[in-house]
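All remarks here apply to the structure that follows.
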Amino acid sequence: MRGGIMFSMQQSWFDDSDGFDIALRWRESPDGEVFELIVNGMFAMDSVDASSELELARLAPPASRRVLVGGLGLGFTAGDLLDRLPDAAVTVAELSSALIGWAREGIVPGLARVAQDPRATLWHVDVAEALRTTSDWDAILLDVDNGPGFLIHDSNATLYGGSLLSAARDALAPGGLLAIWCENATPSLDAALRELGGDVWQVEVPVERDGHQITYAIHCLRR
Ligand SMILES: C[S@@+](CC[C@H](N)C(=O)[O-])C[C@H]1O[C@@H](n2cnc3c(N)ncnc32)[C@H](O)[C@@H]1O
């Protein structure tokens, strides 16, 4: 039970104070509880299968001390980093102040776990700004949108272009890793990363959703 007396097995939270709509929804399903994030009326993610969010976290070099995560979401990537890398400080750049607030309120257990960890910093900022103004990251893990072909925030288009990618590469410590989650393999992003030099590759993550097989892609660059 959360938030007092419940009359149906679902609940939602909504905010538009950052200039866009964000809704967090909770429901009971036959397989357990499900959290869902809807941004600008579009499905952003849910808690049904977090394998690609966890795969993103597992790409961080094991010796990482400073990791920047772009996009808090439901906290899977950040939580996994905190669980597996005891010496790492994890900074999460998040566009929605409401989502950071919900994390601190403890509405979603996975988000509460991140918000309560003293090694985690939840930073209300556009990750583009974070990439331009910070440096020396052992890993930068970006999962803020679906990829350049299907954007939830039009303003995120810049993240997949040469100048921001170059800023991200420059923000890495030597040997650091940049990894970018995409809903599918994106040749234009692969080409833009190759232009920057360094090792470039992609990791495919097959997932079954609603009876359909989907293959997410994580584009990587090692400085
Ligand atoms: C798909 S979710 C991230 C999922 C996350 N990897 C996880 O494990 O739950 C995308 C998140 O990125 C945030 N976001 C979108 N654009 C952003 C930006 N430009 N800067 C920072 N956060 C952004 C959204 O508000 C949302 O919380």
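The values are calculated or read from the model by the stated rules, or taken from the named source; none is laboratory data. Keep in mind that this is a model prediction, so the values were computed, not measured. Using ideal geometry, Cβ is built from the backbone for each residue, glycine included, and neighbour counts are taken over all protein chains shown. Accessible surface areas use protein heavy atoms only, side chains included; no ligands, DNA or RNA. Shrake-Rupley method; radii C 1.70, N 1.55, O 1.52, S 1.80 Å.
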task = Please identify, among 124, 153, 212, the residue showing maximal mean-square fluctuation in a Gaussian network model of the chain using a 10 angstrom Cα cutoff.
result = 212
key: Gain on full stretching of the segment that runs from residue 87 to residue 207 - 0.36 nm per residue minus C-alpha separation   = 40.1 nm
ask   = Of the beta bridges DSSP finds with both residues in the chain, what % are antiparallel, to the nearest 5?
value = 65 percent
key: Tensor-based shape of segment 36-150 (alpha-carbon gyration tensor, a/c under 1.5 rounded, otherwise prolate or oblate)   = rounded
request  = Using just the helices of the chain, give the 222 nm mean residue ellipticity in deg cm²/dmol: DSSP H runs with n ≥ 4 each add -39,500 (n - 2.57), and the total is spread over all residues, rounded to 500.
outcome  = -7500 deg cm²/dmol
task = Send over the per residue convex hull volume for the chain, Cα only, as a whole number of Å³.
result = 120 Å³
ask   = Quick one: ranking 48, 125 by accessible area, 1.4 Å probe, largest first, what do you get?
value = 48, 125
key: Euclidean distance between Cα centres, segment 56-86 to segment 107-175, Å   = 11 Å
note = Counting only DSSP loop positions in segment 26-89, the trypsin sites (Lys or Arg not before Pro) whose Cβ has at most 15 other Cβ atoms within 10 Å are 65
request  = In debye, nearest 20, what is the charge dipole magnitude of segment 6-131 about its Cα centre with +1 on Lys and Arg Cβ and -1 on Asp and Glu Cβ, if you could check?
outcome  = 480 debye
Accessible area expressed per residue, the chain, with surrounding protein chains retained (probe 1.4 Å, Å²) = 46 Å²
